[in-house]
Structure formats: structure tokens, C-alpha cells
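Structure record follows, encoded as C-alpha cells.
The values are calculated or read from the model by the stated rules, or taken from the named source; none is laboratory data. Here the structure is a predicted model, which is why all the values come from computation and not from measurement. So basically every Cβ, Gly included, is an ideal-geometry build from the backbone, and we count neighbours across all protein chains shown.
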């Protein structure tokens with residue numbers, strides 16, 4: 001004797017399979033006069049136009065709000081980046097006297113200061129500090145402060161930096177302090 005399980009009954013080919021229920025609505029047509037149909041069609045067309053107009057207005061409103069939000073987000077990101085850059089530049093600007101003291105101590109022959117100065121300068125350079133100490137380069141009043149002048153060489157067309165008296169620094173392209181230089185020419 002074998003027992004027939006529920007699984008066997010479901011796969012029995014002789015048993016009739018039930019059709020899945022349909023989800024489509026049934027359409028029932030009734031007798032409608034021509035006057036009723038024309039009024040109903042006009043009402044439907046009017047309602048469709050109203051709904052279409054409202055849809056278009058809502059879509060236009062959504063597009064405007066979406067564009068305004070995208071612009072707001074871009075402005076906020078730019079403002080936050082500017083704040084971060086300003087904070088970094090203020091810190092670097094506050095450390096310039098320390099770099100100057102290290103540079104002066106190294107020129108006086110103080111031992112061990114070179115390692116500290118190079119570590120500090122290296123850490124700041126990785127964050128965006130640039131040294132402005134370009135001798136023999138053309139004089140740029142945006143990057144250099146002329147403290148002294150001397151006559152130029154024959155045939156020299158434009159003034160150049162003859163000697164850097166005080167190192168200048170820039171932070172991510174923005175000059176924090178112009179280099180004090182002796183201008184030749």
C-alpha cells in the first residue's frame with residue numbers, strides 16, 4: 001500500500017487544472033442614446049484636457065524645484081569647499097612666522113633645525129602650500145614685493161628677480177605673502 005501525498009495529487013495529469021483568475025475588468029455595454037454619448041465624450045475630452053494641463057504644470061513645477069535644488073546643492077558644496085580652503089590658508093598663514101624663524105635659525109647655523117623646518121614645510125606643501133622663491137625669474141608684482149633694485153644686464157628687456165630677501169608663500173594658488181625680492185633691471 002502506498003499513500004498518496006499532497007504533492008502527488010498536484011502533479012496528477014488526470015486531475016483538471018484550475019485556470020488562474022483573470023484581473024481584466026469586464027466591460028458591459030448598455031443601450032445609450034446618441035445624445036448621452038456626445039455629452040459624455042465632450043465631458044471626457046474636457047476632463048482629459050484638464051488633467052493633461054495639471055500634469056504638465058506639475059511636471060514643470062517639479063523640474064523647476066529639481067533644478068533649484070541642484071543649484072542649491074552645488075552652491076553649498078562650493079561654499080563648504082571655500083570655507084575649508086580659507087581655514088587651511090589661515091592655519092598656513094599663522095605658521096609662516098614659524099617657517100621664517102626656522103629659516104633664520106638655519107642661516108645662523110643652528111644645528112638640528114633643518115630637519116624640523118623640512119618636516120613642517122613638507123607637511124604644509126602636501127596640503128597646498130607653495131614656496132615663492134624664484135630667482136632669475138621675471139618680476140611679477142602679484143607674487144613679488146620689490147624691496148631693492150639694481151641695474152640690469154645689457155640687453156635685459158624686463159626686470160627679473162635678482163635675490164630673494166624673504167621667502168613668499170602661496171596656498172593652493174592664492175598668494176598668502178609675496179616674496180620680498182631685490183629686482184634686477
Could you please let me know if residue 172 is more than 25 Å from residue 106 (Cβ to Cβ) and in contact with a helix residue (DSSP H, G or I) (Cβ under 9 Å, 6 or more places away or on another chain)?
yes
Here the residues within region 85-95 that are surrounded by 10 or more Cβ atoms within 10 Å (Cβ to Cβ) and out of contact with any strand residue (DSSP E or B) (no Cβ under 6 Å at 6 or more places or on another chain) are 85, 86, 87, 88, 90, 91, 95
Checked against (1) modelled with pLDDT of 90 or more; (2) under 30 Å from residue 131 (Cα atoms); (3) surrounded by 10 or more Cβ atoms within 10 Å (Cβ to Cβ), residue 61 satisfies every condition except (2)
Within region 167-184, residues without any contact (Cβ under 8 Å) to a residue 60 or more places away in the chain and at negative phi come out as 168, 170, 175, 178, 179, 180, 181, 182, 183, 184
Residue 19 fails exactly one of (1) modelled with pLDDT under 60; (2) in a helix (DSSP H, G or I); (3) within 60 Å of the chain's Cα centre (by Cα), namely (2)
Note on region 75-109: residues farther than 16 Å from residue 129 by Cβ and touching a residue at least 40 places away in the same chain (Cβ under 8 Å) are none
